[in-house]
1. Using a simple spin-label model with points 7 Å from Cα along the Cα→Cβ vector, what separation in nm is obtained for THR159 and ASP128?
2. Compute, for the chain, the length of the dipole vector about the Cα centre, with Cβ point charges of +1 (Lys, Arg) and -1 (Asp, Glu) only. Units Debye, rounded to 20.
3. Across the chain, what fraction of all alpha-carbon pairs, as a whole percent, falls in each successive 10 Å bin from zero upward?
4. Based on alpha-carbon atoms only, what is the radius of gyration of the range 28-81 relative to the globular estimate 2.2 N^0.38 Å?
5. Could you check how much of the accessible area of the chain is carbon and sulfur, as a whole percent, using a 1.4 Å probe?
6. Obtain the nm distance between the two label points defined at GLU30 and GLU85 by a simple spin-label model: each point lies 7 Å from its Cα along the Cα-to-C-beta direction.
7. Between helix 165-177 and the chain, what is the angle of the helix's C-alpha long axis to the longest principal axis, kept within 0 to 90° and rounded to the nearest 10?
8. Show which aspartates and glutamates lie in cross-link reach of LYS38 when reach means a straight Cα distance below 19 angstrom and same-chain residues fewer than eight apart are skipped.
Amino acid sequence: MPLERKSSMLDITVADQAAKSRSLVRILREKAEMGDPKAMSDLGATYFQGIELPRDHSTAFGWFERSATAGYTLAFVNLATCYREGLGCPKDERKALECYKVVAEVETDAMELLGEIYMNGDCGVAKDPREGAYWFRRGAEAGSLECSYRWGVCCATGTGAERDFGNAAEAFRFAAERGHAGAALDL
């Protein structure tokens, strides 16, 4: 007598999760089409990453652009990534830099990325470790773990900031206590 495969709990759970995911994407699309700026950015990220929808950088870019126009700050960071890498739009590092600067006062992701840009001399700007360290410090002060770690490195090495092991330890401790593995190693 041949054995018949029975559905396992795992099969049901996976099927349930897939149905929930499709439902969430449908709701997200509805909210985005109704003008919700966060939903627009989230839908763009869903297309950008290919989660439950086909990966489509051009469609993602369009949703990021609509969201940014509606004032959602994280969408500017997403737009900048598209411009910087030429994903869904022509590569334009100048526009990427502009997008980061628009929201750098409030988005720690933009602060971190501006810090990297100035540290490395990317996006058409001259290498400027002082400006890079400035943005890492700003991000650290705003609570970013990654910026805290990067500010700690600046203080420990004297890159773009005065060498100060006390400030470095404080920045590493802040990041390490909140789960940053690199900071824990550098303490």
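The values are calculated or read from the model by the stated rules, or taken from the named source; none is laboratory data. Source: prediction; values computed, not measured. Ideal geometry is used to build each Cβ from the backbone, glycine not excepted, and the neighbour counts take in all protein chains shown. Areas reflect the complete protein model, heavy atoms only, side chains present, ligands, DNA and RNA absent. Shrake-Rupley method; radii C 1.70, N 1.55, O 1.52, S 1.80 Å.
1. Each label point lies 7 Å from its Cα, and together they span 1.8 nm.
2. Numbers: 23 positive and 29 negative charges, 72 e Å.
About 340 debye.
3. Bins of 10 Å from zero give 10, 27, 25, 22, 10, 4, 2, 0 percent of pairs.
4. Numbers: Rg = 9.6 Å, N = 54, 2.2 N^0.38 = 10.0 Å.
For the range 28-81, the normalised Cα radius of gyration is 0.96.
5. 53
6. The modelled label-to-label distance comes out at 3.1 nm.
7. Tilt relative to the chain: about 10 degrees.
8. Hits, sequence-local ones excluded: GLU30, GLU52, ASP56, GLU65, GLU105, GLU107, ASP109.
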